[in-house]
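Inspection log for the structure reproduced underneath, given as structure tokens.
The values are calculated or read from the model by the stated rules, or taken from the named source; none is laboratory data. All values derive from a computational prediction rather than experimental measurement. Every residue, glycine among them, receives a Cβ derived from its backbone with ideal geometry; neighbour counts consider all protein chains shown. Just so you know, the surface numbers come from the protein's heavy atoms only, side chains and all, with ligands and any DNA or RNA stripped out. Shrake-Rupley method; radii C 1.70, N 1.55, O 1.52, S 1.80 Å.
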Amino acid sequence: MNFLNTLTEATGTSDISWTNTIDGFIVEWFNKLGIFGNFALIVLSLLLATLFGGIIGYQREINGHAAGFRTHILIALGSSVIMILSIYGISIGGTRDPMRFAAAGVTGIGFLGAGSIIQNGFNIKGLTTAASIWVTMAIGMACGAGYFVLAIIATGITMLCLSSFEKFEKRVSKKNSNIMVVVRSDTPVLSTIMEVSEKMSITVKDLSSSIVNQNGVSYLRIVFRVACLDSNKVQQFVSEIGDELKPLQIKILH
């Protein structure tokens with residue numbers, strides 16, 4: 001079963017331009033080995049998908065994310081299997097589009113990605129994990145389709161985004177202001193912050209809360225970050241929150 005011939009028959013075209021690429025030469029070399037080469041090509045696709053998915057999953061695992069090492073491996077491996085089935089799938093006559101089965105996999109992975117996104121008040125967590133799940137699926141499909149070089153490059157860029165770019169994001173976020181508010185525990189602080197932030201078109205991020213005791217009285221300590229570089233607008237935002245909540249303490253942390 002020849003990979004390129006199967007793909008040609010499936011698409012109904014005789015012009016497979018990618019045979020002139022590095023990936024095309026790799027696939028063609030395996031095809032020249034006959035049925036054993038074809039088997040080795042499938043095994044190589046699955047192993048590379050497992051390797052690349054594991055590399056991305058390891059980065060998420062060491063950072064304590066729910067979708068970690070095994071999850072990303074299974075996603076990449078499953079995507080590779082879907083892509084292989086799309087190419088070698090049973091044809092009952094006529095032409096068939098090998099991408100239809102793959103497209104169904106792309107749609108299905110969206111549900112898994114959506115399940116990793118959690119919104120808790122102002123905080124939305126899991127967006128990066130959902131994106132890594134989606135790109136791991138794409139890398140797995142690239143391996144299944146024989147685009148090994150593409151998969152290697154995509155894995156490298158993905159690791160760059162997940163590791164180095166995270167440091168860049170933290171450096172940029174330091175330019176935003178952190179605000180601390182201390183109020184009585186029965187004060188509707190979250191609804192007030194939300195109302196004021198929406199009115200002033202200010203984005204609130206990374207909100208955390210804790211209980212503090214002062215003189216035997218429990219107070220709620222809220223710390224959050226505002227994504228706004230206009231210091232005057234931030235000061236106005238803080239002043240309005242202070243007028244609304246009458247907090248025990250409110251200040252801008254730098």
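The number of residues in region 205-221 that are surrounded by 10 or more Cβ atoms within 10 Å (Cβ to Cβ), farther than 13 Å from residue 180 by Cβ and of a type in the set (A, V, I, L, M, F, W, C) comes to 1.
Every test in (1) of a type in the set (Val, Ile, Thr); (2) within 33 Å of the chain's Cα centre (by Cα); (3) at pLDDT below 80 is passed by residue 217 save one, and that test is (2).
Can you pull out the residues in region 177-199 that are among the polar types (S, T, N, Q) and in contact with an Asp or Glu (Cβ under 9 Å, 6 or more places away or on another chain)? Quick ask: steps written out before the conclusion?
Just the residues of region 177-199 that are among the polar types (S, T, N, Q), to begin with: 177-178, 185, 187, 191-192, 197.
Correct list: 178, 192.
Sub-6 Å Cβ pairs linking a first residue in region 229-252 that is over 14 Å from residue 201 (Cα atoms) to a second residue that is open to solvent by 60 Å² or more (accessible area, probe 1.4 Å), at least 6 apart or interchain, number zero.
State all residues of region 222-254 that are part of a strand (DSSP E or B), among the charged types (D, E, K, R) and open to solvent by less than 80 Å² (accessible area, probe 1.4 Å); if no residue qualifies, say none. Spell out how you get there, then give the answer.
The initial filter retains those residues of region 222-254 that are part of a strand (DSSP E or B), namely 222-226, 249-253.
Going one step further and asking which of them are among the charged types (D, E, K, R), we end up with 225, 251.
Correct list: 225 only.
The conditions of being within 30 Å of residue 88 (Cβ to Cβ) and of a type in the set (S, T, N, Q) are not met by residue 187. List the number of the failed condition for residue 88; all other conditions in (1) out of contact with any Asp or Glu (no Cβ under 7 Å at 6 or more places or on another chain); (2) more than 22 Å from residue 102 (Cβ to Cβ) hold. Going through (1) out of contact with any Asp or Glu (no Cβ under 7 Å at 6 or more places or on another chain); (2) more than 22 Å from residue 102 (Cβ to Cβ) one by one, residue 88 breaks only (2). Give just the number: which of (1) surrounded by 14 or more Cβ atoms within 10 Å (Cβ to Cβ); (2) of a type outside the set (Phe, Trp, Tyr); (3) on the phi < 0 side of the Ramachandran plot; (4) not in a helix (DSSP H, G or I) does residue 146 not satisfy? Answer for residue 146: the failing condition is (3). Just so you know, in region 183-204 the residues that are farther than 13 Å from residue 247 by Cα and of a type in the set (Ser, Thr, Tyr) include one that is least open to solvent (accessible area, probe 1.4 Å), and it is 197.
Does region 32-55 hold any residues that are over 29 Å from the mean Cα position of the chain (by Cα) and either touching a residue at least 40 places away in the same chain (Cβ under 8 Å) or open to solvent by 20 Å² or more (accessible area, probe 1.4 Å) (or both), and which are they? Please lay out each step first, then the result.
First, the residues of region 32-55 that are over 29 Å from the mean Cα position of the chain (by Cα): 32-40.
If the condition is that a residue be over 29 Å from the mean Cα position of the chain (by Cα) and either touching a residue at least 40 places away in the same chain (Cβ under 8 Å) or open to solvent by 20 Å² or more (accessible area, probe 1.4 Å) (or both), then 32, 33, 34, 35, 36, 39, 40 are the ones that fit.
Does residue 210 count as touching a Lys or Arg at 6+ places or on another chain (Cβ under 6 Å) and either modelled with pLDDT of 80 or more or assigned to a helix (DSSP H, G or I) (or both)? Walk me through it before giving the result.
On the way: touching a Lys or Arg at 6+ places or on another chain (Cβ under 6 Å): yes; either modelled with pLDDT of 80 or more or assigned to a helix (DSSP H, G or I) (or both): yes.
When the stated conditions are applied, residue 210 passes them.
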